[in-house]
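This report refers to the structure that appears directly beneath it.
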Amino acid sequence: DGGITQSPKYLFRKEGQNVTLSCEQNLNHDAMYWYRQDPGQGLRLIYYSQIVNDFQKGDIAEGYSVSREKKESFPLTVTSAQKNPTAFYLCASSTSGGQPQHFGDGTRLSIL
Amino acid sequence: AQSVAQPEDQVNVAEGNPLTVKCTYSVSGNPYLFWYVQYPNRGLQFLLKYITGDNLVKGSYGFEAEFNKSQTSFHLKKPSALVSDSALYFCAVRDASNTGKLIFGQGTTLQVKP
């Protein structure tokens, strides 16, 4: 079945450490997105990519970085500059036009 | 500014009763509107969308939504609620920049009691 796979499901970060969240899709979608979800705040866009080797900052990009070297993959790195990284991170993908975004099952990041 | 508002943090209904989850939006141009559902520790699942056409849109699991241009609303409805419908519901509108970005409301928790 086609879909989006996020790993790991749970991740713990130590002080000063960078961590990378994986997102892989086999839907042949051009566009991919990373969101952060905090209780009561809905989803906020971190980064998005409309095509391979290109990506743009979303609303809360500070302290995060991404790459898009392959169509299928859009990893997110949470750097030590992100002072409040505890959240649920969701990856999504879509085709162009008015098609809905498809979501992975998320990664929950916590601080040790 | 583009935005989505879900005015109710929580909606409580009894099983078998009709349910409505409210959403209003503000966006330039014609809106592309979506409803998603999220179960605990899971990603968002697409329920339905409005792009153009009939103002009443039917979606998955018996849900439907009514687009009202004059009131800039896109309320989610279901004629008869199930306990299994209890979840977090998000309304979203596509950003007018044509990048495919979505702007989400803050979410509404639906609690269906037996």
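The values are calculated or read from the model by the stated rules, or taken from the named source; none is laboratory data. No experiment lies behind these values; they were computed from the predicted model shown. Methodologically, a virtual Cβ is constructed for each residue, glycine included, from the backbone with ideal geometry; neighbour enumeration extends over all protein chains shown.
Out of B:Val21, B:Val11, B:Val4, B:Val83, one residue alone is within 30 Å of A:Thr107 (Cα to Cα), within 11 Å of another protein chain (Cβ to nearest Cβ) and β-branched (Val, Ile, Thr). It is B:Val4.
Set side by side, the residues B:Tyr61, B:Tyr89 differ, and just one is within 14 Å of chain A (Cβ to nearest Cβ) and either within 16 Å of the chain's Cα centre (by Cα) or assigned to a helix (DSSP H, G or I) (or both), which is B:Tyr89. Out of the residues in the range A:60-112 that are closer than 12 Å to A:His29 by Cα and either touching a Pro at 6+ places or on another chain (Cβ under 6 Å) or away from chain B (no Cβ under 14 Å) (or both), which is surrounded by the fewest Cβ atoms within 10 Å (Cβ to Cβ)? The qualifying residue surrounded by the fewest Cβ atoms within 10 Å (Cβ to Cβ) is A:Lys70. Please go through the range B:73-85 and pick out each residue that is polar (S, T, N, Q) and surrounded by fewer than 17 Cβ atoms within 10 Å (Cβ to Cβ). Result: B:Ser80, B:Ser84. Within the range A:43-54, the only residue that satisfies the criterion of being more than 11 Å from the chain's Cα centre (by Cα) and crowded, with 20+ Cβ neighbours inside 10 Å is A:Leu43.
Matching residues to (1) without any contact (Cβ under 8 Å) to a residue 12 or more places away in the chain; (2) under 26 Å from A:Ser49 (Cβ atoms); (3) in a helix (DSSP H, G or I):
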| residue | (1), (2), (3) |
| --- | --- |
| B:Val4 | no, yes, no |
| B:Asn12 | no, no, no |
| B:Gly29 | no, yes, no |
| B:Tyr36 | no, yes, no |
| B:Ser80 | no, no, no |
| B:Val93 | no, yes, no |
| B:Asn98 | yes, yes, no |
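Within the range B:17-39, the set of residues being surrounded by fewer than 12 Cβ atoms within 10 Å (Cβ to Cβ) and over 21 Å from B:Ile103 (Cα atoms) comprises B:Pro18 only.
Here is the figure for the range B:40-58: residues that are more than 10 Å from every other protein chain (Cβ to nearest Cβ) and either at pLDDT below 95 or more than 14 Å from the chain's Cα centre (by Cα) (or both) total 4.
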